[in-house]
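Below is one structure, written out as structure tokens, with a few remarks after it.
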Amino acid sequence: MSSTAQIGVTGLAVMGRNLARNFARNGYTVALHNRTTAKTRALVEEFGDEGDFVATESAEDFVAALERPRRLVVMVKAGDPTDAVIAEFAPLLEPGDMIIDGGNAHFADTRRRERDLRDQGIHFVGTGVSGGEEGALNGPSIMPGGSKESYASLGPMLEKISAKAKDGAPCVTHIGPDGAGHFVKMVHNGIEYADMQLIAEAYQLLRDVAGYSPAEIADIFRTWNTGRLDSYLIEITAEVLSHTDAATDKPFVDVVLDQAEQKGTGRWTVQIALDLGVPVSGIAEAVFARSVSGHAALREASRHLAGPTASTLGKDEAAAFADQVEQALYASKIVAYTQGFHQIAAGSEQYDWNINLGEVAAIWRGGCIIRAAFLDRISSAYEAQPQLPSLLADKSFAKEIAAAQDDWRTVIATAVTQGVPTPAFAATLAYYDSLRAERLPAALTQGQRDYFGAHTYHRSDREGTFHTLWGGDKTETES
Ligand code: 6PG
């Protein structure tokens with residue numbers, strides 16, 4: 001077996017197969033391996049004319065087919081299957097070789113794997129790959145972690161196969177060491193959940209309050225997609241809402257079971273945010289909204305609960321309300337991204353990754369599920385002010401929210417009075433109001449904690465730690 005392949009892909013399900021094809025189409029010789037060899041043969045039979053593939057059947061042959069330093073892309077399910085593949089291949093590798101994990105692995109697993117393999121001189125590169133099967137084939141947004149040395153070897157190849165932003169820039173950058181890439185991919189998915197939930201709430205309001213049909217709402221989303229909400233998720237929402245179910249001739253969205261599933265990356269985002277103390281309330285409400293939708297028995301048992309008599313608007317009022325919903329959607333989207341980028345900054349500090357937030361925004365401009373014109377703005381904001389404490393501290397975003405806030409509040413108030421659940425809209429507005437509040441009721445919380453648990457408190461008028469003798473004469477002591 002001559003060692004001619006610049007890259008190898010093991011795990012030839014849809015994502016792995018399309019990544020392999022993408023590398024081959026871009027002129028690389030690609031070694032192929034899959035646990036069941038039929039998938040390897042099928043790929044070559046169907047797509048062999050797209051480039052140079054080296055089909056292999058054994059782990060040994062797969063490794064032997066790779067030029068040094070060897071670059072193995074692992075595209076198998078996150079968790080134990082990834083550990084199993086590493087255990088199979090690591091003993092066959094030599095110092096300087098690379099294992100690139102392109103699955104949605106938990107970043108803590110990636111940090112463990114990177115540490116374990118580093119002792120063998122092998123570079124483990126946990127890599128977020130976003131864009132689904134289409135992205136894997138035609139250009140994903142790619143978020144590699146791992147060592148600088150591995151990126152020196154891999155980077156040019158990833159830049160060639162990645163999506164390109166409108167300015168031609170490749171949607172890939174070295175995110176940072178060890179698990180930084182998978183951490184950023186995780187937060188990408190958290191933001192994706194928030195984006196999708198906010199769109200879902202906007203849809204429900206246009207349906208229940210404005211009284212529009214799915215097809216009419218699709219047209220509204222198409223119009224929004226020509227403006228500041230221009231994005232992949234808005235674009236596909238119009239496609240989904242304008243689709244008619246062939247079996248029933250009803251709107252597709254009306255025949256789909258309204259119970260959202262989740263593979264887990266959005267959930268991880270919230271769990272890690274809780275550990276880091278980062279308030280990602282918009283993302284959290286998106287995860288919980290999926291959970292609520294899945295509790296069918298609980299929902300059935302609650303169907304009788306009283307609510308307001310919903311009333312739909314007249315034609316002119318409906319059009320005006322739709323414009324207000326656009327304002328609310330954009331304002332809440334700014335907050336959801338603000339929270340996501342705060343989490344990336346907090347993770348970077350916690351794990352000493354030195355992540356460049358402007359570069360993260362820049363590589364999300366194309367290929368990934370949250371790709372949007374909006375990310376050009378975020379990228380520019382962080383390039384202009386790398387130490388920006390929050391996107392809301394950027395003057396242009398703050399100005400846009402100021403212009404949107406009256407409509408934002410009206411839409412949420414309308415949702416509340418009409419009984420339409422908008423948890424992500426409400427949570428993002430509450431976050432915005434909490435940040436700008438002069439005083440928060442957390443002072444009362446501190447008093448309560450000191451009262452029942454003597455947990456002490458600080459004062460806003462002087463330094464120190466205090467406790468009040470609630471059970472006695474209520475004098476204040478300083479500890
Ligand atoms: C991407 C997507 C992808 C994700 C699926 C399913 O960036 O290409 O985020 O990685 O796994 O969209 O995610 P859920 O099942 O969690 O919705």
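The values are calculated or read from the model by the stated rules, or taken from the named source; none is laboratory data. Note that the structure is a prediction, hence the values are computed from the model and not measured. No Cβ is skipped: glycine too gets one built from the backbone with ideal geometry, and neighbour counts run over all protein chains shown. Areas reflect the complete protein model, heavy atoms only, side chains present, ligands, DNA and RNA absent. Shrake-Rupley method; radii C 1.70, N 1.55, O 1.52, S 1.80 Å.
All conditions in (1) over 18 Å from Ala331 (Cβ atoms); (2) away from the ligand (no atom under 16 Å from the Cβ); (3) among the polar types (S, T, N, Q) hold for Asn225, with the sole exception of (1).
Just a yes or no: is a residue in region 431-445 open to solvent by 60 Å² or more (accessible area, probe 1.4 Å), closer than 23 Å to Ile191 by Cα and of a type in the set (Lys, Arg)? Yes, because at least one residue in region 431-445 is open to solvent by 60 Å² or more (accessible area, probe 1.4 Å), closer than 23 Å to Ile191 by Cα and of a type in the set (Lys, Arg).
There is no residue in region 162-185 that is of a type in the set (Val, Ile, Thr), more than 20 Å from the chain's Cα centre (by Cα) and crowded, with 20+ Cβ neighbours inside 10 Å.
Here are Asp450, Asp406: which of them is of a type outside the set (S, T, N, Q) and open to solvent by 40 Å² or more (accessible area, probe 1.4 Å)?
When all the criteria are applied, what remains is Asp406.
Of all the residues in region 1-39, those that are open to solvent by 10 Å² or more (accessible area, probe 1.4 Å), among the small types (Gly, Ala, Ser) and more than 24 Å from the chain's Cα centre (by Cα) number 4. Of the candidates Asp230, Asp245, Asp178, the single residue that is more than 16 Å from the ligand (Cβ to nearest atom), farther than 19 Å from Ile344 by Cβ and touching a residue at least 40 places away in the same chain (Cβ under 8 Å) is Asp230. Only residues that are over 30 Å from Ser380 (Cβ atoms) and of a type in the set (Val, Ile, Thr) were counted in region 302-348, giving 2.
For residues in region 359-370 being over 21 Å from Ile401 (Cα atoms) and either within 16 Å of the ligand (Cβ to nearest atom) or without any contact (Cβ under 8 Å) to a residue 40 or more places away in the chain (or both), which is most open to solvent (accessible area, probe 1.4 Å)?
Arg365
For region 252-311, the tally of residues that are within 16 Å of the ligand (Cβ to nearest atom), touching a Gly at 6+ places or on another chain (Cβ under 6 Å) and in contact (Cβ under 8 Å) with a residue 60 or more places away in the chain stands at 4.
Here Ala328 meets each of (1) within 22 Å of Gly227 (Cβ to Cβ); (2) over 29 Å from the mean Cα position of the chain (by Cα); (3) of a type in the set (Gly, Ala, Ser) with one exception, condition (2). When Ala384 is tested against (1) among the aliphatic types (A, V, I, L, M); (2) surrounded by fewer than 22 Cβ atoms within 10 Å (Cβ to Cβ); (3) within 18 Å of Tyr193 (Cβ to Cβ), exactly one condition is not met: (3). Taken as a whole, the structure leaves Ala318 outside the set of residues that are within 16 Å of the ligand (Cβ to nearest atom) and either surrounded by 13 or more Cβ atoms within 10 Å (Cβ to Cβ) or on the phi > 0 side of the Ramachandran plot (or both).
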